[in-house]
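Only one structure is covered here, and it is reproduced in the block below.
The values are calculated or read from the model by the stated rules, or taken from the named source; none is laboratory data. Note that the coordinates shown come from a computational prediction; the quantities given were computed from them, not determined experimentally. When we count neighbours, we look across all protein chains shown, and the Cβ atoms used for this are built from the backbone with ideal geometry, even at glycine. Quick note on the areas: whole protein, heavy atoms, side chains included, nothing else; ligands and nucleic acids left out. Shrake-Rupley method; radii C 1.70, N 1.55, O 1.52, S 1.80 Å.
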Amino acid sequence: GAEQTTHLRVVLVPGAPKAFTMEAPYADAAVQPGFTHAFVQSFFVILATEIGDKTFFIAAIMAMRHSRLTVWTGAVGALVVMTVLSTLLGHMAPLLLPKAYTHYAAVLLFLFFGVRMLREAKDAGEGASDELEEVELELAKKDDVESADALMADEEGGGSSSGGGGGGGG
């Protein structure tokens, strides 16, 4: 049979002539992997790359100090936002730029981030423990600032932390 190509049409300016419409050809639908394959592949690739990074440690430490549900909600919310942004970029870039440009841009981005990761790995002493210490220091600084703010609010009378600043200490 004849090879069939599926097109995705994106109207850049509604009601405008065809010049403002872009079509992105997709390969034969029968050749493309299905939902299950794409889901499993993206799930495990992201899982493998996210375990042990800074956000992993931040979420773990914050869950030890704060409500686990709140930390989980914040972490999932941030992941959803980042996933939507990256998916939109990955979907729209090939529609707006020629395929060769998106290919070379992807190569350059992988090269840039790969070199950056190799430099960070080279500079890291014990790897995960150094990153854990860095995260703990950052969270300790934030806790110190929050403790100082709460103490100042208590000293200003009444223990209300909703004060907008503004001196008055005597």
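Within the span defined as the stretch 56-71, every residue fails to be surrounded by fewer than 12 Cβ atoms within 10 Å (Cβ to Cβ), polar (S, T, N, Q), assigned to a helix (DSSP H, G or I) and under 14 Å from the mean Cα position of the chain (by Cα). When Val13 is tested against (1) exposed (fewer than 11 other Cβ atoms within 10 Å of the Cβ); (2) modelled with pLDDT under 85; (3) farther than 19 Å from Met92 by Cα; (4) among the β-branched types (Val, Ile, Thr), exactly one condition is not met: (3).
With respect to Ala75, is the statement that it is assigned to a helix (DSSP H, G or I), modelled with pLDDT of 80 or more and open to solvent by less than 80 Å² (accessible area, probe 1.4 Å) true? Here the answer is yes, as Ala75 does meet what is asked. Being part of a helix (DSSP H, G or I), farther than 30 Å from Ala60 by Cβ and modelled with pLDDT under 80 is a property that does not hold for Asp149.
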